[in-house]
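Below is one structure; the comments refer to it alone.
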Amino acid sequence: MKENGKSRRHYPARQIRYPKGNQSTILFVTICTKSRKAILAHPEIHSLLLQAWRTADHWSVGCYTVLPDHIHLFCSPNHEDAANIKRWVAYWKSIVSKNWPHIKQKPIWQRDCWDRQLRHGEAWRSKWEYVRHNPVRHGLVQKAEDWPYQGEITPLFWHDQ
């Protein structure tokens, strides 16, 4: 993509659409490690991620799955003037990086993340089924419920109107 004759590698952040009335704003986000290094699926890293998500309180993390080289999560802004999703992800990634216990594994993260705003409850349910079965598809466990690096921090309720 070219802008003013210069090549651009990253797309500008999209504006979040806040639904009217009693509808939800929920995003599905995927974050990958640098060079897809398999360094995330460990108890100490799982705890570090949970702590960072609780500290980075502009957005609430709902259901999530941490795989060896990437993370899938659902999140929702805590208020309408919450930080842009890309800035929020960059913030908690910096918290994790500062507290990372294995210096030789740095840098940890790919520069950006992928996000998609969900439009209805059915999209959330089908994405969550995909996410929670990811460890099975990758051959890490036999049953989704056996994967120890997934859960839910804050229940994100879908309100269809």
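Any read-out appearing in this document is the output of simple, stated calculations on the displayed coordinates, not a laboratory observation. Keep in mind the model is a prediction, meaning the values are calculated, not measured. Please note: Cβ atoms are built from the backbone with ideal geometry, for glycine as well, and neighbour counts cover all protein chains shown.
Fewest neighbouring Cβ atoms within 10 Å first, the residues V141, V61, V29 line up as V141, V29, V61.
Counted residue by residue at 0.36 nm each, then reduced by the alpha carbon distance between them, the extension gain from R36 to R125 reaches 29.4 nm. Here the spin labels are modelled as points 7 Å beyond Cα on the Cα-Cβ line, and at E145 and N99 they lie 3.0 nm apart. Taking other residues whose beta carbon is less than 13 angstrom from the beta carbon of Y64, and scoring Lys, Arg as +1 and Asp, Glu as -1, yields +2. Counting only Cβ charges, +1 for Lys and Arg and -1 for Asp and Glu, the dipole size of the stretch 21-152 around its Cα centre is about 560 debye. Annotation for the stretch 77-131: GluC sites (Glu not before Pro) lying in DSSP loop with at most 16 further Cβ atoms inside 10 Å of their Cβ are E80.
Taking square-rooted eigenvalues a ≥ b ≥ c of the alpha carbon gyration tensor, is the stretch 21-152 rounded, prolate or oblate, where a/c under 1.5 means rounded and, failing that, a/b exceeding b/c means prolate?
oblate
The stretch between R87 and I153 holds 21.7 nm of extra length on full extension. This uses 0.36 nm per residue minus the Cα-Cα distance.
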